[in-house]
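The values are calculated or read from the model by the stated rules, or taken from the named source; none is laboratory data. Nothing here was measured: the structure is a model prediction, and the numbers come from that model. In this analysis, Cβ positions are derived from the backbone assuming ideal geometry, glycine residues included, and neighbour counts consider all displayed protein chains.
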Amino acid sequence: MTPPANGSSGWWMYHGDPAHTGFVSDSPINSSNAAKLQVFKELQLDGPILSTPAIVDGFIYVGIANSHGAVNSNGGAFYKIELATGTIAATFRWDILASEGDTHGFCGMGSTPAVSGGKVFFIAFNGKLYCLDQQTLSALWITDLRHADPVHNQPAANIRGMDQGNAPVAGWSSPVVIDDRLYVGVGEGENPEAFSFVYCLDTATGNVVWLFCTNPLLEGKDNQPNQLPALVVRGTPPPGFTVINSTPVTMGCSVWGGIAYDATLNRLYCPTGNPSPDGPLPCPGYSNGLLALDATTGDLVGFVQFPPESSYRPSDVDVDVGGAPTLFTDEQERRLVALGCKNGGFMTVDAKTLEIVKLRQLLPYVAGSQQEQFPAIDPHPPVDEQNELNPHVTNDVSNDAQNQNENYTGTYSTPAVHSGLRRLFLGIGGKNYDLQSAGIDGTTTPFLRAMDWGTLEDAWPMDDGNPRRYVNGRPPFYANATESGLSVPAVVNDVVLMATTQIGVYAFAADDGRLLWQDQLGQETGGFNGGYGYCMGPAVWQDYVVAGALVYGRDGGILRIYRLQE
């Protein structure tokens, strides 16, 4: 994997590297010894962990939400933890008002930090980007990406709608660091008056180098870098920024997931969410797809949206791309981008031309049919039944254009790559507490898919049932109701590590899907169709695996360190 600028190694940013491959080869963990992973240390932290930790040079870097150490639990905390002892080496805390949290009531952070050049970078739910000293976790600079921050050349006051009770813009996107530049997305799709931006900042100062608004500002014209909608400008902006006084084509289009970077093309690949107002695909603007920008200038390279046929049902709306893109080079030496969507669609895209190479639906269809859906997958009840628990509806009702609804059972995950096997691994399933759907139909759908990277067909052995299901890995596949793969997988040599909402961590053989090892971090809180609990994915460094979670009890947060035992 690509090391950070300071030469250190490890899982130093989201999904391991700027291309988000999720692959680790400099570890002794493999399919012959994965069963020897054991709990080495366990820490109870003072709030839930909503992200994958980073691990660099023998230390874990991880943040929490709603820290009980903050005033009224409205704030966050960030920890540096020594792997070899489980000792907390340094802590950084911040308090905020409850009104400054994200739309879900989270007040700390939910992103994976990037550790590079002796600094630690992360964005929090209050819209602020933090740069801390790697050794001491003392603040070096803090840039506000919600309010205008003239000191850091940040001119956008992206606060419209907050005075009416709408959610403030927040930071979910894990930053990517390339040399002296940092890239991150900020937005809020639940606030119809909020804008969304991709920011490039100088890592030494926190000053904005350029920004790109992901809301089209002029009908029939693409946005340019450093164009500011007049609605976010207070006074005269700094030199280099242009104010556009117009009614935007659409709002929303937030970048929730991590931004991937390709060094050969010097491009950023940004996943975008649904527009506001929303509707079925195709949608207006830079929504529900992949936005490519020049990393140096912020110039738009192109955009590709998930096509309508990628949705499991024609009535699917709110089809955010919640995970991050993954870049890989296939056997034809093509650079490809792999990306999944909440509607269950998954595609590979030519990184240079942005043409869709392959497209598949991750959710199963009735065997022998031409895309006949299973009624229990992605149900869309009529409007007057949408507050009922676990409604049973027919395909005709779910597919009715008048019953538009969110697909809770697609993917929020980021692919991991195994180049030797030419495979992609991806989690399936969403939030496990919705009334209408528990995030996955566990009897038909595995919480992890293994796909051939060329055809996108299932790569693990399958039976001849209806639908076809993986032969190996049962249980846990198809065994535990509501257990979804909301998290991101990691591939270490010939092992695939995956975490779930129930709240388990598993190791599968990358070649055939055999279960090699498992552990449960805690219990869900319970409620509705499933429960409420998360483990957003494991991180790997040498012979260690680290995973954090939101669990029932114990202040909601637990961090578990596993180590390979000889």
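Would you check if there is a residue in the range 188-195 being within 23 Å of the chain's Cα centre (by Cα), acidic (Asp, Glu) and surrounded by fewer than 23 Cβ atoms within 10 Å (Cβ to Cβ)?
Of the residues in the range 188-195, the ones within 23 Å of the chain's Cα centre (by Cα) are 188-192, 194-195.
Those still in the list that are acidic (Asp, Glu) too: 188, 190.
Next, from what is left, pick out any that are surrounded by fewer than 23 Cβ atoms within 10 Å (Cβ to Cβ): 190.
The answer is yes, given that some residue of the range 188-195 is within 23 Å of the chain's Cα centre (by Cα), acidic (Asp, Glu) and surrounded by fewer than 23 Cβ atoms within 10 Å (Cβ to Cβ).
I'd like the residue in the range 129-146 that is surrounded by 14 or more Cβ atoms within 10 Å (Cβ to Cβ) and among the β-branched types (Val, Ile, Thr) and, out of all such residues, is farthest from Ile55 (Cα to Cα).
The extreme case among them is Thr143.
Which pairs turn up if I take residues in the range 268-297 that are within 14 Å of Phe197 (Cα to Cα) and without any contact (Cβ under 8 Å) to a residue 60 or more places away in the chain and look for partners that are surrounded by fewer than 23 Cβ atoms within 10 Å (Cβ to Cβ) and of a type in the set (S, T, N, Q) with beta carbon separation below 8 Å, at least 6 apart in sequence or on another chain?
From the range 268-297, the pairs are Pro275/Thr250; Ser287/Thr250; Ser287/Gln305.
Select the strands (runs of 3 or more DSSP E) contained entirely in the range 1-120, then report the ones holding at least 1 residues which are among the charged types (D, E, K, R) and out of contact with any helix residue (DSSP H, G or I) (no Cβ under 7 Å at 6 or more places or on another chain).
Correct list: 37-45, 75-82, 88-95.
Go through the residues of the range 95-117 one by one and say whether even a single one is at pLDDT below 95, surrounded by 19 or more Cβ atoms within 10 Å (Cβ to Cβ) and of a type in the set (D, E, K, R).
Checked against the condition, which is being at pLDDT below 95, surrounded by 19 or more Cβ atoms within 10 Å (Cβ to Cβ) and of a type in the set (D, E, K, R), the range 95-117 yields at least one hit.
Scan the range 358-380 and tell me whether some residue there is closer than 17 Å to Trp453 by Cβ and either in a loop (DSSP other than H, G, I, E, B) or out of contact with any strand residue (DSSP E or B) (no Cβ under 7 Å at 6 or more places or on another chain) (or both).
yes
Let me confirm something: among Thr242, Thr250, which residue is more than 25 Å from Tyr312 (Cα to Cα) and touching a residue at least 12 places away in the same chain (Cβ under 8 Å)?
On inspection, the qualifying residue turns out to be Thr242.
Do you know which residues across the range 32-54 are crowded, with 19+ Cβ neighbours inside 10 Å and within 22 Å of Asp512 (Cα to Cα)?
Hits for the range 32-54 are Ala34, Leu37.
Restricting to the range 121-132, count the residues that are part of a loop (DSSP other than H, G, I, E, B), farther than 16 Å from Gly165 by Cα and either touching a helix residue (DSSP H, G or I) at 6+ places or on another chain (Cβ under 6 Å) or of a type in the set (D, E, K, R) (or both). Let's see the steps before the verdict.
Going through the range 121-132, the residues part of a loop (DSSP other than H, G, I, E, B) turn out to be 124-127.
From the residues that got through so far, the ones that are farther than 16 Å from Gly165 by Cα too are 124-125, 127.
Keeping just the survivors that are either touching a helix residue (DSSP H, G or I) at 6+ places or on another chain (Cβ under 6 Å) or of a type in the set (D, E, K, R) (or both) gives none.
Within the range 121-132, residues that are part of a loop (DSSP other than H, G, I, E, B), farther than 16 Å from Gly165 by Cα and either touching a helix residue (DSSP H, G or I) at 6+ places or on another chain (Cβ under 6 Å) or of a type in the set (D, E, K, R) (or both) number 0.
Mind checking which residues of the range 196-222 are within 24 Å of Val177 (Cβ to Cβ) and assigned to a loop (DSSP other than H, G, I, E, B)?
Ser196, Thr203, Ala204, Thr205, Gly206, Asn207, Thr214
So, Ala156, is that one surrounded by 19 or more Cβ atoms within 10 Å (Cβ to Cβ) and aliphatic (A, V, I, L, M) or not?
For Ala156, the condition - surrounded by 19 or more Cβ atoms within 10 Å (Cβ to Cβ) and aliphatic (A, V, I, L, M) - is met.
Would you be able to say whether some residue in the range 336-350 is touching a residue at least 40 places away in the same chain (Cβ under 8 Å), of a type in the set (D, E, K, R) and surrounded by fewer than 19 Cβ atoms within 10 Å (Cβ to Cβ)?
no
Could you list all residues from the range 539-562 that are under 18 Å from Val24 (Cα atoms) and part of a strand (DSSP E or B)?
Listed by number, the residues that qualify are Ala539, Val540, Trp541, Tyr544, Val545, Val546, Ala547, Ile561, Tyr562.
Enumerate the strands (runs of 3 or more DSSP E) found wholly within the range 486-538, keeping only those where 2 or more residues are not hydrophobic (A, V, I, L, M, F, W, C).
Counting at least 2 such residues, we get 504-509, 515-520.
Please specify each residue of the range 396-418 satisfying the condition of being among the polar types (S, T, N, Q) and within 28 Å of Thr500 (Cα to Cα).
If the condition is that a residue be among the polar types (S, T, N, Q) and within 28 Å of Thr500 (Cα to Cα), then Ser398, Gln404, Asn405, Asn407, Thr409, Thr411, Ser413, Thr414 are the ones that fit.
Of these, Phe303, Phe328, which one is in contact (Cβ under 8 Å) with a residue 40 or more places away in the chain and under 16 Å from His15 (Cα atoms)?
Phe328
Taking only pairs six or more apart or across chains, which ones have beta-carbon atoms under 6 Å, a first residue in the range 179-190 that is farther than 23 Å from Thr103 by Cα, and a second residue that is surrounded by fewer than 24 Cβ atoms within 10 Å (Cβ to Cβ) and of a type in the set (S, T, N, Q)?
From residues that are farther than 23 Å from Thr103 by Cα, the pairs are Asp180/Thr203; Leu182/Thr203.
Quick one: what pairs do we get from the range 511-539, first residue at pLDDT below 95, second among the basic types (Lys, Arg), C-beta under 8 Å, 6+ apart or different chains?
The qualifying pairs are Leu521/Arg560; Gly522/Arg554.
Residues checked against (1) under 18 Å from the mean Cα position of the chain (by Cα); (2) modelled with pLDDT of 95 or more; (3) charged (D, E, K, R):
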position	(1), (2), (3)
Arg469	no, yes, yes
Pro475	no, yes, no
Ala490	yes, yes, no
Asn493	no, yes, no
Gly504	no, no, no
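Take the range 223-263 and flag every residue that is more than 14 Å from Ala292 (Cα to Cα) and part of a strand (DSSP E or B).
Across the range 223-263, the qualifying residues are Gln227, Leu228, Pro229, Thr242, Val243, Ile244, Met251, Gly252.
Return the residue satisfying two criteria in turn: it lies in the range 197-208 and is touching a residue at least 60 places away in the same chain (Cβ under 8 Å) and farther than 18 Å from Asn266 by Cβ, and of such residues it is surrounded by the most Cβ atoms within 10 Å (Cβ to Cβ).
Val208
Could you tell me whether any residue of the range 259-269 is surrounded by fewer than 24 Cβ atoms within 10 Å (Cβ to Cβ), more than 18 Å from Pro216 (Cβ to Cβ) and touching a helix residue (DSSP H, G or I) at 6+ places or on another chain (Cβ under 8 Å)?
no
Would you mind stating whether Asp163 is surrounded by fewer than 18 Cβ atoms within 10 Å (Cβ to Cβ), of a type in the set (D, E, K, R), under 29 Å from Pro538 (Cβ atoms) and without any contact (Cβ under 8 Å) to a residue 24 or more places away in the chain?
When the stated conditions are applied, Asp163 does not pass them.
Between a first residue in the range 124-147 that is closer than 16 Å to Ile60 by Cα and a second residue that is among the acidic types (Asp, Glu), which pairs have beta carbons less than 9 Å apart while being 6 or more apart in sequence or on different chains?
The qualifying pairs are Gln134/Asp57.
Out of all the residues in the range 209-226, is one or more modelled with pLDDT under 95, farther than 30 Å from Thr329 by Cβ and either crowded, with 24+ Cβ neighbours inside 10 Å or polar (S, T, N, Q) (or both)?
Within the range 209-226, none of the residues are modelled with pLDDT under 95, farther than 30 Å from Thr329 by Cβ and either crowded, with 24+ Cβ neighbours inside 10 Å or polar (S, T, N, Q) (or both).
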